[in-house]
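In what follows, a structure is listed as structure tokens, so that the remarks can point back to it.
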There are 4 protein chains.
Amino acid sequence: MEQNPETLEKLRVPALDEILGSKFLVLDDGFIRVVDYMGSDESIVQAARVSYGKGTKKVSEDRGLIRYLMRHHHTTPFEMCEIKLHIRVPMDTWRQWIRHRTANVNEYSTRYSIAIDASQKTKTGEWRIQAKDNKQGSEGFFPEEIGSKLTEREAELQNFAKEIYMERLSLGVAREQARKDLPLSTYTEAYWKIDLQNLFHFLALRMESHAQFEIRTYANVIGSQIVRRWCPIAWEAFLDYRINSLSFSAQETEILKQIYAGNKNEAVKLADGFGWIKIIDKRFAKNIERMEFEEKLEILGIEKPWE
Amino acid sequence: MEQNPETLEKLRVPALDEILGSKFLVLDDGFIRVVDYMGSDESIVQAARVSYGKGTKKVSEDRGLIRYLMRHHHTTPFEMCEIKLHIRVPMDTWRQWIRHRTANVNEYSTRYSIAIDASQKTKTGEWRIQAKDNKQGSEGFFPEEIGSKLTEREAELQNFAKEIYMERLSLGVAREQARKDLPLSTYTEAYWKIDLQNLFHFLALRMESHAQFEIRTYANVIGSQIVRRWCPIAWEAFLDYRINSLSFSAQETEILKQIYAGNKNEAVKLADGFGWIKIIDKRFAKNIERMEFEEKLEILGIEKPWE
Amino acid sequence: MEQNPETLEKLRVPALDEILGSKFLVLDDGFIRVVDYMGSDESIVQAARVSYGKGTKKVSEDRGLIRYLMRHHHTTPFEMCEIKLHIRVPMDTWRQWIRHRTANVNEYSTRYSIAIDASQKTKTGEWRIQAKDNKQGSEGFFPEEIGSKLTEREAELQNFAKEIYMERLSLGVAREQARKDLPLSTYTEAYWKIDLQNLFHFLALRMESHAQFEIRTYANVIGSQIVRRWCPIAWEAFLDYRINSLSFSAQETEILKQIYAGNKNEAVKLADGFGWIKIIDKRFAKNIERMEFEEKLEILGIEKPWE
Amino acid sequence: MEQNPETLEKLRVPALDEILGSKFLVLDDGFIRVVDYMGSDESIVQAARVSYGKGTKKVSEDRGLIRYLMRHHHTTPFEMCEIKLHIRVPMDTWRQWIRHRTANVNEYSTRYSIAIDASQKTKTGEWRIQAKDNKQGSEGFFPEEIGSKLTEREAELQNFAKEIYMERLSLGVAREQARKDLPLSTYTEAYWKIDLQNLFHFLALRMESHAQFEIRTYANVIGSQIVRRWCPIAWEAFLDYRINSLSFSAQETEILKQIYAGNKNEAVKLADGFGWIKIIDKRFAKNIERMEFEEKLEILGIEKPWE
């Protein structure tokens, strides 16, 4: 566990140093940039080997070890990497972001300073239609003519909100009170510091297809632009074992088993026993567990046994 | 460390059960109510005594023990009490509230449901003037005639924001996007669960005179209406050792010593050495450390040695 | 979101109240007992519905909702349940236990009190043989004759350690120093308080077959004796979606697809590309990823494509 | 909030880089060394200024700002600094250390590897006598003749424990079980990563005079050898406002006021009202609050009003 004194430069990751401080633009006026970081793929390995003592250095290669750790939820070595980002994000998105409690945060204060003079604006082609099946999702976009109307009205509201805010400030209203009616679309900035393990947790939830478009966009930049450069081996393992993995419940596993064995009837009987395939009005009643399973079957190229 | 099987009712605090579920109204349309809780003054004592083993039950009375724990920052026994509140609070206040990371939270989702149809409204006499000395504070209120104008404009903005929001919803814009320009004054609701130790930390910061009026009002209700009933002995100790205590830095302690010894000149010399009493334009330059010390001297009824 | 004032008894779970304070014995001299708790399956549902607002109560049944939350990692409603356990456990096991940082803890202090006069003793048939393949595991037991020798020697050491400890105490050595050579097998006690979400995380790691026997035994008691009574629906969902689920990596998913399509050769080619089936000395070289996949194939009743 | 691309070297603290990887020896066989770190005094300032926006850079100097943050418990900017230490410490001390839950940890595994072959040994002059007044403290040392006997017996026990451990290993007992009777004095090693704010919290508790000698020694090395080099301004502020500060409760403040006003009788009357000066057998009954206050009076050079 000795450390060579001359290895100071080993603490840096050149690929990340190259983009240090540079802004990745997100949405219409947001950004993410790396302020500082600590650790690398190598320090994940180094931390893991504290546990294993001397003489284990040759047992596994670094890549194999990192993948093993990721696969088996040995999370503590990933916590040994830390990153500090400077982000600019609409308050509405920040409301979701801040729910991740394991990060350190310094946010721009509209109590102390005048609010950032920028609100997230929606382009005419970016207005999303409420999803029918998913209460918290969207599907598709409005046509330009409706979109342009919506964008116009958005501008009216944002301008009026700004007018009121400036009016209050010029009258001498306390900043902490003047801000009370700012729209959620107002941009804020923050330093956000988090360890790699918790960042992966954030990314797993926010890169996911059900995450809201805005935060998903930030998450994708953090993942594919920053983490990929910072810890490429851990990033690849994260994609293989988390993002692109497929998990089957106890029930799904039982059915899969029957499918492989060619017992289609048994598979259907099991699903029926789980209450997945009730028939109402001559068609399958909506059942979320069955529908989710069917999606996984499709990924595996297996056809549904019940149709 | 035995527990009597018949003491199930010992787990409840009658004074808190009385108000269980009842709303304490806060601001113009907010509230706080206790949903559930676990523990009491007695369970703080019980947890502390796990550490001390058998035979220590008579050594200290409960009150003395709780006060000792509070005084000496033995915080773990206070963590053994937990409370779950249901709160209704403007999003602007919630933005501060949520920064306390040690709580469990379930917030009303405006992605899933239509936003709560209520915004914090400011009465004509409640508009606060920006403080001059404290960038993040206020001092005094605007006169009615200005206040009524501000309130009127506030209503215009809130109504317009609501109009736009409803317009988007009726067009079929996804809720997650329609909400993007809601004003920060919009009310939200949440279940908020926290242990007593971390609640005290929250209260120490948010009952403090520099905390913003809105969150301070909530904190005061939680403290004086809820915690006081729940764990009255711990609450009293918290007031005595945290809220109403007075702390002196190393420098202040040195000066105090000279003051008590009657060495006024020495006291001034020390302050000068600390850079507290530079004279610019024939008067003391603004120095925050000196000014804060002077406030403490006033509490002790001691006059400043340098005037 | 109203709460009926007369529903105080709704806060209790009769099946758990029945065993409140009762000891579940673990190992030779350890135990677990429930000191207090807050919440139930019903309060998970209640918290989830804060997010969904009014009018959603009939949409899903409670069971379906809880299962949905578990399946989709909507973890916050599970955090609304909290439990406080009193445990007695060998220090060696406690060293693993305490690594879970999200709990509140009050441990028996051997600085303040004399150490608990009990050490974990190993029965003659309980001595485990070091596993060959798994550096941190065991496989099988020693025969009685070796076991009885080991147990005898264990007693010698434990007795001698106790003798030295008592010798120090009777000489007046400070307790905080006298304890320094106590064996790790010495029992300690603690109050341990944790929310259900973090408890599930603890159980997922510690009920797992690779967890050390001792802590696994405690975890199994907490799960099957306590959580099962406390929140039976959440417990069932935890078993179905965590404990008894099967997860496939991106690579494994690709191979599975070929297997189901009947393309055995393609499956082998893929595995070869992943570096899983190198042949050394005419047999497959040890490859952990391949071996883990083979185990999962066996669960599904699928034979390896490469043999 | 721009960051100059050429300031990569600004991220390093030369005074800390100088000792990077070097061991500070602690106790008879322990050590602490810095593996890596992120941040500096300058990055505390930088983070604080995120809150204050543009144009505030000249308002306060860095030192004044850091001291202000420390004094007013604005803790988040200190969280922006992170340090990773490699420590070697007796398990008994580690049991206290690990109770600080806000750090990231990778500990040497005696499940995976053979235990570190070193136990903390006590020199003949280092055996401490149990304190009479403080149940968890010590006062003074045993004379050499008793000490040498104790040290001899310590060696006997440690040797015997080692013999048993090696015996088990050579028989093939699983490492995870063989270790069960290792003495608490056995050394362990860990990577320990923590942010500066939580490190200060650790130091405040563990540098304190009531902390056990062993962990206090480690804490002092971390503070005076490492943090002092890393963030010298924050370290100085920590000493002034935490370590060397003096805090008075509401009651103590009231009495102090009377003392400074020269009303000795009023001071005594107040203390009597608080129950501090009950007389039993013609002398003051032991009262911890009074005794603690008397200690503070002594620091201020004030004589007790009640004698």
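No value in this document is a laboratory result; all are computed from the given coordinates. Just so you know, these numbers come straight off a predicted model, no measurement behind them. No Cβ is skipped: glycine too gets one built from the backbone with ideal geometry, and neighbour counts run over all protein chains shown.
Between exposed trypsin sites (Lys or Arg not before Pro) in chain B, where DSSP calls loop and at most 13 other Cβ atoms lie within 10 Å, what's the longest gap? In short, B:133-277. Our compactness index for the protein assembly as shown, the C-alpha radius of gyration over the empirical 2.2 N^0.38 Å, is 0.97.
Calculated mean residue ellipticity, 222 nm, chain B: -12000 deg cm²/dmol, from DSSP H runs (n ≥ 4) at -39500 (n - 2.57) each, averaged per residue and rounded to 500. Distance from the alpha carbon centroid of region C:192-230 to that of region D:231-307 works out to 48 angstrom. Computed from the alpha carbon positions, the gyration tensor of region C:130-249 leads to an equivalent ellipsoid with semi-axes of 37, 23, 12 Å, biggest first. Here A:K269 yields copy-to-copy label distances, from shortest upward, of 3.9, 9.2, 10.0 nm, the label point defined as 7 Å from Cα along Cα to C-beta. Sorted from closest to farthest, the other copies place their D:R99 label points 2.1, 3.0, 3.5 nm away, with each point set 7 Å from Cα along Cα→Cβ. Relative contact order of chain B, taken over Cα pairs closer than 8 Å and 6 or more residues apart, is 21 percent.
Scan region A:162-267 for GluC sites (Glu not before Pro) in coil per DSSP, keeping those whose Cβ has at most 14 other Cβ atoms within 10 Å, and list them by number. Hits after loop and neighbour filter: A:E208. Taking every alpha-carbon pair within chain D, the share separated by more than 32 Å comes to 48 percent. FRET efficiency for the pair B:A131 and A:A204, taken as 1/(1 + (r/R0)^6) with r the Cβ-Cβ distance and R0 = 41 Å, rounds to 0.40.
Loop-located GluC sites (Glu not before Pro) across region A:36-115 with a Cβ neighbour count of 13 or fewer within 10 Å are A:E61, with loop assigned by DSSP.
Entry note, region B:250-299: relative contact order of 24 percent, from Cα contacts under 8 Å with a spacing of 6+ residues.
Mean projected area of the convex hull spanned by the Cα atoms of region B:250-299, taken over all viewing directions: 3.5 nm². Three principal axis extents of region A:1-152 based on alpha-carbon atoms, in descending order, are 68, 42, 28 Å. When only the Cβ of Lys, Arg, Asp and Glu is charged (+1, +1, -1, -1), the dipole of region C:121-218 relative to its Cα centre reaches about 220 debye. Taking R0 as 41 Å, what FRET efficiency do you get between B:S245 and C:E9 from their Cβ-Cβ distance, rounded to the nearest 0.05? About 0.50, to the nearest 0.05. Around the Cα centre of chain D, unit charges on the Cβ atoms of Lys, Arg, Asp and Glu (plus for the first two, minus for the last two) sum to a dipole of about 560 debye.
The residue in chain B that lies nearest, by its beta carbon, to the axis linking chain B with chain D is given here with the distance in whole angstrom as B:S247, 2. Label-point distances for C:A118 to the equivalent site in the other copies, using a point 7 angstrom along Cα→C-beta, read 3.6, 5.3, 6.3 nm when ranked shortest first. Computed over the alpha-carbon atoms, region C:128-181 gives an Rg to Rh ratio of 1.24, Rh here being the Kirkwood radius from the mean inverse distance.
A straight line joining the Cα centroids of region B:97-148 and region A:116-163 runs 26 Å. Using a cutoff of 8 angstrom between alpha carbon atoms and counting only pairs six or more residues apart, the relative contact order for region B:167-307 works out to 11 percent.
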